1. Quick test of your reading of the structure: residue 51 fulfils all but one of (1) at pLDDT 95 or above; (2) of a type in the set (D, E, K, R); (3) surrounded by fewer than 18 Cβ atoms within 10 Å (Cβ to Cβ). Name the failing condition by number.
2. Out of 241, 251, which single residue is closer than 25 Å to residue 81 by Cβ, in contact with a strand residue (DSSP E or B) (Cβ under 8 Å, 6 or more places away or on another chain) and either of a type in the set (Asp, Glu) or in a loop (DSSP other than H, G, I, E, B) (or both)?
3. Within segment 109-123, how many residues turn out to be farther than 21 Å from residue 236 by Cβ and in a loop (DSSP other than H, G, I, E, B)?
4. Read through the list (1) assigned to a loop (DSSP other than H, G, I, E, B); (2) farther than 17 Å from residue 97 by Cβ, then give the number of the only condition that residue 259 fails.
5. So which of 205, 250, 226, 156 ends up being free of Cβ contacts under 8 Å to residues at least 24 places away in the same chain and among the hydroxyl-bearing types (Ser, Thr, Tyr)?
6. Out of all the residues in segment 229-240, which are surrounded by fewer than 19 Cβ atoms within 10 Å (Cβ to Cβ), in contact with a His (Cβ under 7 Å, 6 or more places away or on another chain) and modelled with pLDDT of 95 or more?
7. Could you check how many residues of segment 202-231 are closer than 20 Å to residue 159 by Cα and of a type in the set (Phe, Trp, Tyr)?
8. Given (1) within 24 Å of residue 196 (Cβ to Cβ); (2) touching a helix residue (DSSP H, G or I) at 6+ places or on another chain (Cβ under 6 Å); (3) not aromatic (Phe, Trp, Tyr), where does residue 125 come up short, assuming only one miss?
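The values are calculated or read from the model by the stated rules, or taken from the named source; none is laboratory data. Source: prediction; values computed, not measured. So basically every Cβ, Gly included, is an ideal-geometry build from the backbone, and we count neighbours across all protein chains shown.
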Amino acid sequence: MIDQDTRTAYQRDGAVPLRQVVSMDWIERLREGVEENLRQPGPYAKHYTPEGNPGRFFGDYCNWQRIDAYRDFFFESPIKQLAAQLMDSPKVNLYHEHILVKEPGTKERTPWHHDQPYYPIDGEHIISFWIPLDPVTQETAIEFISGSHAWGRWFTPARFVDSKTHAAEDPRFEPPPDFEAQRAQHRVLQWPLEVGDCIAFHGLTVHGAPANASPNRRRAFSARFTGADARFVLRSGFMSPPPPPSGGPTPGAAMDSAAFPVLIAA
């Protein structure tokens, strides 16, 4: 169970650390899944480190249907109950997983962005759990701008490879500010994490991550969920992950579908 102070912090800040909520059994399973994913990348895999640069920044998503460890984590672990509590939603749907691997010496940072403008989803009930599979120091930890989920602003999705914005035409979108230059204007949240910890954050919370100058790997598994008020939409222009080619809901409908199965029924 998540205590009221943690729920209040999530509602206020849009991001909150959860300590020792993922068992080592699940950590080991997810590590196995990530290594399988690295050996056999999916169709959406991305290599963000330019050829010749040190380290490796790798990302991939939407592989839960082919990687058993990912699927089992969504359906069998307690993470979905944590999602229900923090979203205050009687229903939870699986959205997708996203892995992000920064090998030692990787110079590329993750640009400031928020997730929901990338997605074909409207509504308040969307949450991610950023689960480190290796210890994360303060210097390499993901950063969040406190309260940004409540600004009522939607920033045009940015490309991870060069931080340039994608072609997107949603009338709500605006060019993202230079958050790095504006750091002093915001309350930036950052937490070192042990294996077993994770960070829960809202789909509109602005976040980014530094390079990995450490001698250690930084493997992270993001588990993403939607709740009762989420609705499937088709945006004009870029969407990531793209709408499923089959098995998805109709535009304007709840997420319930083969592509986004219900994990906790209302």
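1. Single failed check for residue 51: (1).
2. Working: 251 fails: closer than 25 Å to residue 81 by Cβ.
After applying the criteria, what remains is 241.
3. In the first step, residues of segment 109-123 are kept if they are farther than 21 Å from residue 236 by Cβ; the result is 109-112.
After this cut, where a residue has to be in a loop (DSSP other than H, G, I, E, B) as well, the list is 109.
Summing the residues that are farther than 21 Å from residue 236 by Cβ and in a loop (DSSP other than H, G, I, E, B) in segment 109-123 gives 1.
4. Of everything listed in (1) assigned to a loop (DSSP other than H, G, I, E, B); (2) farther than 17 Å from residue 97 by Cβ, residue 259 misses just condition (2).
5. Numbers: 205 fails: free of Cβ contacts under 8 Å to residues at least 24 places away in the same chain; 226 fails: free of Cβ contacts under 8 Å to residues at least 24 places away in the same chain; 156 fails: free of Cβ contacts under 8 Å to residues at least 24 places away in the same chain.
On inspection, the qualifying residue turns out to be 250.
6. 229
7. Counting residues in segment 202-231 that are closer than 20 Å to residue 159 by Cα and of a type in the set (Phe, Trp, Tyr) gives 1.
8. Just one mismatch for residue 125, condition (1).
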